[in-house]
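**Q** Let me give you the structure first, and then I'll get to my questions.
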2 protein chains.
Amino acid sequence: MIGLPPFAQNFILHWGEMGTKWGINRTVAQIHALLFISEEPLNAEGICNRLGVARSNVSNSLKELQNWGIVNVVHLPGDRRDHFESVKDVYELFRIIATERKRREIDPTLRNLRKSADEAGEPNNPADAYAKGQLEDLLGFFEMISDFYEKMDRMPTKSAVKIFRMGDKIAKTLGVITK
Amino acid sequence: MIGLPPFAQNFILHWGEMGTKWGINRTVAQIHALLFISEEPLNAEGICNRLGVARSNVSNSLKELQNWGIVNVVHLPGDRRDHFESVKDVYELFRIIATERKRREIDPTLRNLRKSADEAGEPNNPADAYAKGQLEDLLGFFEMISDFYEKMDRMPTKSAVKIFRMGDKIAKTLGVITK
DNA sequence: AATTTATTTCATAGATTTCTGTAAAGACAG
DNA sequence: CTGTCTTTACAGAAATCTATGAAATAAATT
């Protein structure tokens, strides 16, 4: 990892590890980290040099980041190479990631749970009845999460932040006790 | 996958796939799915038979689930084998998972971001200054999420659910516009 | 203590994912 | 159209992760 100050290396390596814990390829996460803290857009070659990974790996990883919608191509005048830059606003970034995860993970799970609960029909034994009940509970939970995501998505960032910051005060206002 | 109705198989297979997208071993997720919809605690042997995986795999996976705190050992009278049951309440389940993910992922990231921002010191060039600024933004975001988690954890389930369900109404009450 | 039953550990086989180098394709200037 | 620069696709190598069976350990029963 060349030409990067230690604090940046620190962060990039950690972000890479964190990525793997979330099912995201290490290199993909590292490239994202690099672009996120880089003021100027970088070209693929530059990313290669800094992270010390193969050109083709960078190419594929960049495509993956573009699929997620958190990295964009830009062109600099007088340079025909593609340059890449990350979404720089933290809230915008996580909003995009949340929306994408919902689409890829929550939505298919909702469909599966509906289908499974449906297929269970009228259970003819207690075990199946119990299982169906559990699936319905899970479905209810995922529906709640899904609706919440959508509400957040329609909200301006400021409102969403307020909800996160004031979570406990809101609960008190609603007349419920916090332990 | 033997002795399970199709709707249960459906769910277990999907939960397994979903697990892999979240960095959780497929078998671990499948075992959890099975225990979650099973009214009675199951022993390792029973899990083997139903899922068709090796005994040792089940043993290790069960240990992993116990580390997460979402599966517990119980003993049935007159049977010396360990039996296992999942946390059955959906809210309780996700509360535990969230707390655990915070501990394993958010907290280390907070530490790393603080360390990195700290190491950056007084940047002596604009690029480093920008990078440090981005890290500080990220740190602020993770601190917000971390605090929110903790607030939720101290709240009774009902209050947490209210916040999730009423997200947009709350925002309106706070005097902010939803798009 | 010996036997039976249950569980865990561990080395390795197997599968999957990731990374690389090369070759092909595409884009552009002259 | 040709030559150069750039990006992408792909096949195989390398690394990582997962699952297995056998052996070791532990626990209960006789």
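**Q** Hey, which aspartates and glutamates would be in cross-link range of B:K169, C-alpha to C-alpha under 20 Å, not counting anything within fewer than 8 residues on its own chain?
**A** Straight-line reach from B:K169, under 20 Å: A:E143, A:D147, A:E150, A:D153, A:D168.
**Q** Tabulate in residue order the Karplus-calculated ³J(HN,Hα) for region A:36-43, using 6.51 cos²θ - 1.76 cosθ + 1.60 with θ = phi - 60°, rounded to whole Hz; enter x for Gly and Pro.
**A** Taking θ as phi minus 60°, the curve returns 5, 9, 9, 5, 8, x, 10, 8 Hz for region A:36-43.
**Q** Relative contact order (percent) for chain B, with alpha-carbon contacts under 8 angstrom and 6 or more residues of separation? Can you show the working numbers first?
**A** Details: 149 pairs, mean separation 25.5, N = 179.
Reported as a whole number, the value is 14 percent.
**Q** Looking at chain B as a GNM with Cα springs under 10 Å, which of B:A127, B:A29, B:A160 has the largest mean-square fluctuation?
**A** Judging by the Gaussian network model, the answer is B:A127.
**Q** Label position 7 Å from Cα toward Cβ: report the copy-to-copy distances for A:P126 in nm, one decimal, ordered from shortest.
**A** Between copies, matching label points for A:P126 lie 7.4 nm apart.
**Q** Could I ask something else about it? Give the long-range amide H neighbours of A:N43: residues separated by 5 or more places, or on another chain, with amide H under 5 Å away, using H modelled in the peptide plane at 1.01 Å from N.
**A** Residues meeting the amide H criterion: A:F84.
**Q** What number, rounded to the nearest 500 deg cm²/dmol, is the helix-based mean residue ellipticity at 222 nm of chain A, given -39500 (n - 2.57) per DSSP H run of at least four residues and division by all its residues? Mind dumping the intermediate values first?
**A** Working: 8 runs with 122 residues, N = 179.
After summing the helix terms and dividing by the residues of chain A, the value is -22500 deg cm²/dmol.
**Q** Given a 10 angstrom Cα cut-off, can you work out which residue in A:T109, A:T99, A:T27 is the most mobile in a GNM of chain A?
**A** For chain A, modelled as a Gaussian network with Cα springs under 10 Å, the answer is A:T109.
**Q** While we're on this one: Would you kindly derive the ³J(HN,Hα) couplings of region B:52-62 from the backbone phi angles with the Karplus curve 6.51 cos²θ - 1.76 cosθ + 1.60 (θ = phi - 60°), listing them in order in whole Hz, with x for Gly and Pro?
**A** Per residue, the Karplus-derived 3J(HN,Hα) values read x, 10, 5, 3, 5, 4, 4, 4, 5, 5, 5 Hz.
**Q** If you put a point 7 Å past Cα along the Cβ direction, how far is that point for B:R165 from the same point in each other copy, in nm, smallest first?
**A** Counterpart label points of B:R165 in the remaining copies fall at 2.8 nm.
**Q** Would you work out if region A:15-103 is rounded, prolate or oblate? Take a ≥ b ≥ c from the square roots of the eigenvalues of the alpha-carbon gyration tensor; rounded if a/c is under 1.5, else prolate when a/b is larger than b/c, oblate otherwise.
**A** Working: a/c = 1.89, a/b = 1.32, b/c = 1.43.
It comes out oblate by the Cα gyration axes.
**Q** Further question on the same structure: At a 1.4 Å probe radius, carbon and sulfur cover how many percent of the accessible area of region B:32-179?
**A** Numbers: 3780 of 7540 Å².
Answer for region B:32-179 is 50 percent, counting heavy atoms of protein chains only.
**Q** Just to confirm the numbers: A:A98, label point 7 angstrom along the Cα-Cβ line, distances to the other copies in nm, shortest first?
**A** For A:A98, the other copies' label points sit at 1.2 nm, shortest first.
**Q** From the Cα gyration tensor of the protein assembly as shown, with a ≥ b ≥ c the square roots of its eigenvalues, which class applies: rounded if a/c is under 1.5, or else prolate if a/b is larger than b/c, or else oblate? Walk me through the numbers before you get to the answer.
**A** Details: a/c = 2.05, a/b = 1.56, b/c = 1.32.
Because a/c hits 1.5 or more and a/b exceeds b/c, the protein assembly as shown counts as prolate.
**Q** If I fit a long axis through the Cα atoms of helix A:90-101 and take the longest principal axis of the Cα atoms of chain A, what angle between them do I get, 0 to 90°, rounded to 10?
**A** Once rounded, the angle reads 60 degrees.
**Q** To continue, here is another question. Return the distance in nm (one decimal) between the two label points of a simple spin-label model at A:R165 and B:S59, each offset 7 Å from Cα along Cα→Cβ.
**A** Taking the simple label geometry, A:R165 and B:S59 are separated by 5.3 nm.
**Q** Would you mind telling me which residue in B:Q30, B:Q134, B:Q66 has the biggest mean-square fluctuation in a Gaussian network model of chain B, where springs connect alpha carbons within a distance under 10 angstrom?
**A** For chain B, modelled as a Gaussian network with Cα springs under 10 Å, the answer is B:Q134.
**Q** At a 1.4 Å probe radius, which order do B:K151, A:K21, A:K158 fall into by accessible area, largest first? Show your work: numbers first, answer last.
**A** Working: B:K151 30, A:K21 90, A:K158 165 Å².
Descending order: A:K158, A:K21, B:K151.
**Q** Could you tell me the accessible area of A:K88 in Å² (1.4 Å probe, neighbours in place), rounded to the nearest ten?
**A** Per-residue accessible area (A:K88): approximately 40 Å².
**Q** Largest first, what is the accessible-area ranking of A:V53, B:V73, B:V28 with a 1.4 Å probe? It would help to have the intermediate numbers written out before the result.
**A** Numbers: A:V53 35, B:V73 60, B:V28 10 Å².
Reading off the accessible areas and sorting them downward yields B:V73, A:V53, B:V28.
The values are calculated or read from the model by the stated rules, or taken from the named source; none is laboratory data. Not measured: the values here are computed from a predicted model. Here Cβ is always computed from backbone atoms with ideal geometry, including for glycine, and neighbour counts include all displayed protein chains. To get the accessible areas, we keep the full protein, side chains included, count just its heavy atoms, and leave off ligands, DNA and RNA. Shrake-Rupley method; radii C 1.70, N 1.55, O 1.52, S 1.80 Å.
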